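Peer 1: Mind looking over this structure? Questions follow.
The values are calculated or read from the model by the stated rules, or taken from the named source; none is laboratory data. Computed from a prediction, not measured in an experiment: that's the story for all the values here. With ideal geometry, Cβ positions are generated from the backbone for all residues, glycine too; neighbour counts draw on all protein chains shown. Surface areas here come from the heavy atoms of the whole protein model, side chains and all, with no ligands, DNA or RNA. Shrake-Rupley method; radii C 1.70, N 1.55, O 1.52, S 1.80 Å.
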Amino acid sequence: MVSHLFRRFLSFVIALAGIAICGFLLTRISPREAVRQQLGANISSSQIKEDFYIKRYEQLYRKLRYDRQVFYWSWSGLAVPDSFYRLPDKYKSEQLIELSAISGCPEKSIVFYQLLAQLQLVALTDPDPKVNDLAAFLPRASSVEQLRILLNNPAWKNSASAFRVAEVNKELLDLLSHSKPWKNWIPEIHFTFDNQFHYWLFGDGNWLTGEGALYSRGALRGDLGKSYRTQSFVKDEIKNPFLLTLKISLWSILICFLISIPIAISLIRYKHTQLVKIIQPSMIFIYAIPLFWMGTLLLMTFANPDFLKWFPASGIAPQGGFPADSSWWNRFLISLPYFVLPVICYIYGAIIFLSRILQASLLQELEMDYIQTARAKGLHENKVLYKHALRNSILPLLTITIGALPVMVSGSLLIENIFSLPGMGTGLVHSVQLEDHPMMIGYFILTGAITILAFMMSDFIFTFIDPRIRIQKTASGYE
């Protein structure tokens, strides 16, 4: 048993590490957008080149270590250095990558880009507006062909920058004449501990103790960074939404479990009645109703001021808050109507599904030999059903019910948005809309951890409850 538990725990750690790595890498697809989000404004790409902004932008870009390698190892062609892909300036990065890929000479490509930048600075002071326009487009030329068209424009001939244009053209021809494109086919592998993932995982202090950290203590110590939107720590921002979603999910699972058992037993005991023949197709029809349709239908029916205003349409508490001297029980009773409709949306499909699963399991158990023996001994049918058949049939239901926890947590996204509940689903939608990468990673890792823990719990409970499983594992050599 101990070795089995250890293997399950080890698989949990490996799966959680994989989730964390995937979540981290997904947020590193567009680092420049993340920097713009942190600066607190939707600034277009053209504004990034403005002098008053570029300094702050580059400082934050390097502070977040987006100029470092993403993971412990990376690979690129010998013609294009890996560092070209991580430059703060998008246009500079694209030009150097294009030039290096064509020429195979990254050092000469850098020299050419420096000459091009000097030409732009001089041309921007030219009195001719046509020359100014050409200078403004020089850094944005994403291909060699566009550069040639810009550099060979007739407007340069009568400008003060004509000499520099000739020098840049000469350097471009020299760069292309000595090209070594075969270098693109030779891979170059880089390995370093000075990478973004290492700092995200261990922080920027001592990697063992976390001491001396300036910006982050590392994800291993629960520090996932700060939200771009509120500048609060992710663990603080995610705590209340997580607790709300978890409470609703646990209550929903408990209600599903308690309701599905009597429904399944009733379907078995009265299976030949006309009522059951009507109920079973009705259950299938209700189960097929989409979640968003059911939520909208409940709101329009039971939270509609023009029809039945029985329940609140949104929120988890009155707008004015709870009374100051109210006890926890009074607060529970006040907030209870706010959760009725969302919980119905959570459980209506699960109750039908679990009832049908338990019904099928009971029918199978009732055909077993030990049930026929119990009946032959003269036991009452209720005792046969509840003490023998239900006891063995409820194990698959218990496993499925516990396994439904991550489904409910992840499925809360739609329900919480329909009923305006400030849970994990709403928080995840807002973080995606605002491109709040630290919050996205937090929700991603937390949802994955809940999923893995739920499966581990179902496996452990199934193993401890049913002795036959332990015997089978021992006989198979697991223990």
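Peer 1: Of the residues in segment 201-243, how many are closer than 21 Å to residue 39 by Cα, in a helix (DSSP H, G or I) and open to solvent by less than 30 Å² (accessible area, probe 1.4 Å)?
Peer 2: The qualifying residues number 1.
Peer 1: Could you check segment 259-281 and list, in sequence order, the residues that are open to solvent by 100 Å² or more (accessible area, probe 1.4 Å), closer than 15 Å to residue 363 by Cα and assigned to a helix (DSSP H, G or I)?
Peer 2: 269
Peer 1: Taking segment 78-101, which residues are surrounded by fewer than 18 Cβ atoms within 10 Å (Cβ to Cβ) and closer than 20 Å to residue 182 by Cβ?
Peer 2: Within segment 78-101, 78, 82 meet the criteria.
Yes or no, residue by residue, for (1) of a type in the set (Val, Ile, Thr); (2) part of a loop (DSSP other than H, G, I, E, B):
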| residue | (1), (2) |
| --- | --- |
| 312 | no, yes |
| 316 | yes, yes |
| 334 | yes, no |
| 350 | no, no |
| 362 | no, no |
| 374 | no, no |
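Peer 1: What number of residues in segment 154-168 are out of contact with any Asp or Glu (no Cβ under 6 Å at 6 or more places or on another chain), touching a residue at least 12 places away in the same chain (Cβ under 8 Å) and farther than 14 Å from residue 118 by Cβ?
Peer 2: 3
Peer 1: Can you tell me which residue within segment 300-332, out of those that are out of contact with any Ser or Thr (no Cβ under 9 Å at 6 or more places or on another chain) and among the aliphatic types (A, V, I, L, M), is modelled with the lowest pLDDT?
Peer 2: Restricting to residues being out of contact with any Ser or Thr (no Cβ under 9 Å at 6 or more places or on another chain) and among the aliphatic types (A, V, I, L, M), the top hit is 324.
Peer 1: Also, quick follow-up: Tell me which helices (runs of 4 or more DSSP H) are completely within segment 1-108 and hold 1 or more residues being at pLDDT 80 or above and within 24 Å of the chain's Cα centre (by Cα), or say none if there are none.
Peer 2: Working: elements: 2-27, 31-39, 51-63, 90-103.
The helices (runs of 4 or more DSSP H) meeting that bar are 2-27, 31-39, 51-63.
Peer 1: Restrict the check to segment 176-198 and report whether at least one residue is under 30 Å from residue 60 (Cβ atoms) and free of Cβ contacts under 8 Å to residues at least 12 places away in the same chain. Full working, then the answer.
Peer 2: The initial filter retains those residues of segment 176-198 that are under 30 Å from residue 60 (Cβ atoms), namely 188-198.
With free of Cβ contacts under 8 Å to residues at least 12 places away in the same chain added as a condition, the list becomes none.
No, segment 176-198 has no match at all.
Peer 1: How many residues, within segment 158-200, are buried (at least 16 other Cβ atoms within 10 Å of the Cβ) and in a loop (DSSP other than H, G, I, E, B)?
Peer 2: Qualifying residue count for the region: 3.
Peer 1: Return only the number of the condition from (1) under 18 Å from residue 424 (Cβ atoms); (2) open to solvent by 30 Å² or more (accessible area, probe 1.4 Å) that residue 253 does not satisfy.
Peer 2: (2)
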